[in-house]
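What follows is a single structure, written as structure tokens, with notes after it.
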Amino acid sequence: MNDDKFDKLFNYMVDMDKRIDGRFDEVKADIRSLLDVPDIIAKRLDDKDDEQAARDAQFARPVDWARKVSEKTGVPMPNL
């Protein structure tokens, strides 16, 4: 193999290595984004649970107040 052919082969291999590295970087980025998905879902579920607990507490306050008023006034209140 003469020097010219070797240089061409060497340059081809270097270019191929760069292209493969670029593809690996893309795959790594895709994998990182996929690994973030469970964390995102868990955060959404936690936020939803917090919102639901706040809503339930907000609803319970007037119902408790209405029950106390019902007891003191003698007006029956249907169960909610």
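The values are calculated or read from the model by the stated rules, or taken from the named source; none is laboratory data. Remember, it's a predicted structure, so these values are computed and weren't measured experimentally. All Cβ positions, even for glycine, are placed from backbone atoms using ideal geometry, and neighbour counts span all protein chains on display.
Descriptive notes on the structure:
- Residue check: ASP47 meets all listed conditions (1) over 36 Å from the mean Cα position of the chain (by Cα); (2) surrounded by 10 or more Cβ atoms within 10 Å (Cβ to Cβ) but one, namely (1).
- Any hit, the range 22-31, residues being under 36 Å from the mean Cα position of the chain (by Cα) and β-branched (Val, Ile, Thr): yes
Here is a yes/no grid of residues against (1) in contact with a Gly (Cβ under 7 Å, 6 or more places away or on another chain); (2) at pLDDT 85 or above; (3) not in a helix (DSSP H, G or I); (4) not small (Gly, Ala, Ser):
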site: ASP21; (1), (2), (3), (4): no, no, no, yes
site: GLU26; (1), (2), (3), (4): no, yes, no, yes
site: ILE31; (1), (2), (3), (4): no, yes, no, yes
site: LEU34; (1), (2), (3), (4): no, yes, no, yes
site: ASP50; (1), (2), (3), (4): no, yes, no, yes
site: ARG55; (1), (2), (3), (4): no, yes, no, yes
site: VAL69; (1), (2), (3), (4): no, yes, no, yes
site: ASN79; (1), (2), (3), (4): no, no, yes, yes
